[in-house]
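The values are calculated or read from the model by the stated rules, or taken from the named source; none is laboratory data. The structure presented is a predicted model; accordingly, all values stated were derived computationally and were not measured. Don't worry about glycine lacking a Cβ; one is built from the backbone with ideal geometry, like all the others, and counts go over all protein chains shown. Surface areas here come from the heavy atoms of the whole protein model, side chains and all, with no ligands, DNA or RNA. Shrake-Rupley method; radii C 1.70, N 1.55, O 1.52, S 1.80 Å.
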There are 2 protein chains.
Amino acid sequence: MSEPARQGQPLHDDVSALGFLLGTWAGEGQGKYATIKPFYYREEVSFGHTGKAFLTYVQRSWSTSDGRPLHAETGYWRVGAEGAVELVLAHPTGIAEVEEGTIDGNRLELSSRSIGLSSSAKPVTAISRSLWVDGDILRYKLAMAAFDQPAQQHLNAELHRIS
Amino acid sequence: MSEPARQGQPLHDDVSALGFLLGTWAGEGQGKYATIKPFYYREEVSFGHTGKAFLTYVQRSWSTSDGRPLHAETGYWRVGAEGAVELVLAHPTGIAEVEEGTIDGNRLELSSRSIGLSSSAKPVTAISRSLWVDGDILRYKLAMAAFDQPAQQHLNAELHRIS
């Protein structure tokens with residue numbers, strides 16, 4: 001999308017603590033859940049900014065075995081008044097969620113503060129994620145409570161910076 | 001973002017009723033609210049798809065007077081089991097919302113089903129929007145309840161298809 005007036009703006013001070021995320025990351029992950037077979041995926045994630053006090057975020061994943069699209073999510077990352085990290089996120093499965101948590105250097109720990117479900121959404125009730133960057137490697141783990149199952153490890157991936 | 005395996009997929013049958021939205025639209029709008037001065041904006045909106053049962057959505061707006069970025073929002077459009085339209089949306093102001101409503105030909109009427117707010121979010125409590133396409137023109141109106149104000153007309157715009 002065009003953004004003629006604001007190309008090349010410096011990162012807003014309010015989100016400087018999240019600057020380590022900026023860029024595009026790609027790699028592979030694995031998923032599991034009590035209700036499904038384990039699976040492997042290829043993933044690409046981009047964090048950007050427009051000079052305002054948030055990061056933009058787009059995620060896509062594809063099946064490693066046959067290339068079909070799997071998950072997607074998109075939203076924004078913010079830093080709250082107390083230095084907390086805030087994530088507002090839409091999922092194409094009908095979920096709009098807010099996660100909040102802590103920033104400790106290059107490591108984030110978040111858990112869902114609210115999960116809104118559309119009428120046809122998958123019944124997800126809680127999500128938490130850890131995300132950390134070490135050099136040009138971004139790793140994350142995600143746990144989820146859904147389908148009447150208790151919160152449990154669902155995803156983990158290792159991504160490499162590609163731009 | 002790359003999508004090597006699925007370029008050129010046909011639109012999924014489940015979202016065929018939303019096909020009239022596909023494309024990129026640009027134009028101008030005006031905003032007002034009890035707590036602020038009226039303002040004018042330039043806007044660009046894109047609806048896309050990946051072959052799965054949702055449309056992707058990205059919106060950006062800029063001040064007409066000085067080009068500074070104003071609002072943004074991103075998320076997904078779905079069609080529920082009963083033919084209802086569903087919108088899951090993230091706003092960089094700390095809002096993650098679900099809107100639902102009706103599809104009547106090229107006209108959509110939606111209102112918020114849930115609004116999740118991050119700790120530092122603007123206090124928005126309800127959003128409703130009407131959106132309709134007539135040829136290559138997309139018009140919408142948006143009403144909002146926020147900042148302890150009753151629901152009231154906030155935005156209206158007329159966009160033209162540019163791709």
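Would you be so kind as to list the residues of the stretch A:98-144 that have their accessible area lowered by at least 10 Å² in the full protein complex compared with their chain by itself (1.4 Å probe)?
Buried-area filter returns A:V98, A:E100, A:R113, A:S114, A:G116, A:L117, A:S118, A:S119, A:S120.
Kindly state, to the nearest 0.05, the FRET efficiency for B:S130 paired with B:S16, given R0 = 22 Å and r defined as their beta-carbon distance.
It comes out at approximately 0.55.
Test of understanding: in a Gaussian network model of chain B with alpha carbons linked when under 10 Å, which of B:S120, B:S63, B:S130 would top the mean-square fluctuation ranking?
Evaluated over chain B, the most mobile residue of the options is B:S120.
7 Å from Cα along Cα→Cβ at both A:K32 and B:S63: what's the point-to-point distance in nm?
5.3 nm
Whenever you get a sec, compute what percent of the accessible area on the protein assembly as shown sits on carbon and sulfur atoms (1.4 Å probe).
The nonpolar share, carbon plus sulfur, comes to 50 percent.
Per-residue HN-Hα couplings for the stretch B:127-136, Karplus 6.51 cos²θ - 1.76 cosθ + 1.60 at θ = phi - 60°, whole Hz, x for Gly and Pro?
Running phi through 6.51 cos²θ - 1.76 cosθ + 1.60 with θ = phi - 60° gives 9, 9, 9, 10, 9, 8, 10, 10, x, 9 Hz.
Could you work out the pair-distance distribution P(r) of the protein assembly as shown from its alpha-carbon pairs, with 10 angstrom bin width and percents rounded to whole numbers?
It works out to 6, 25, 37, 24, 7, 0, in whole percents.
Taking every pair of alpha-carbon atoms in chain B, give the share separated by more than 25 Å as a whole percent.
Summing the P(r) of chain B above 25 Å gives 30 percent of all pairs.
Report the Cα centroid-to-centroid distance between the stretch B:37-81 and the stretch A:36-104 in angstrom, as an integer.
Taking the Cα centre of each part, the stretch B:37-81 and the stretch A:36-104 sit 18 Å apart.
Can you tell me the accessible area per residue over the protein assembly as shown, all protein chains present, probe 1.4 angstrom, in square angstrom?
45 Å²
With solvent modelled as a 1.4 Å probe, how much accessible area in total do chains A and B shield from it at their shared surface, in Å² to the nearest 100?
3600 Å²
Under a cut-off of 17 Å between alpha-carbon atoms, report the aspartates and glutamates in cross-link reach of B:K122, not counting same-chain residues fewer than 8 places apart.
Within the straight-line limit of under 17 Å, B:K122 reaches these aspartates and glutamates: A:D14, A:E82, A:E86, A:E97, A:E99, A:E100, B:E73, B:E97, B:D148.
Mind checking the stretch B:5-72 for GluC sites (Glu not before Pro) that DSSP puts in a loop (not H, G, I, E or B) and that have at most 15 other Cβ atoms within 10 Å?
none
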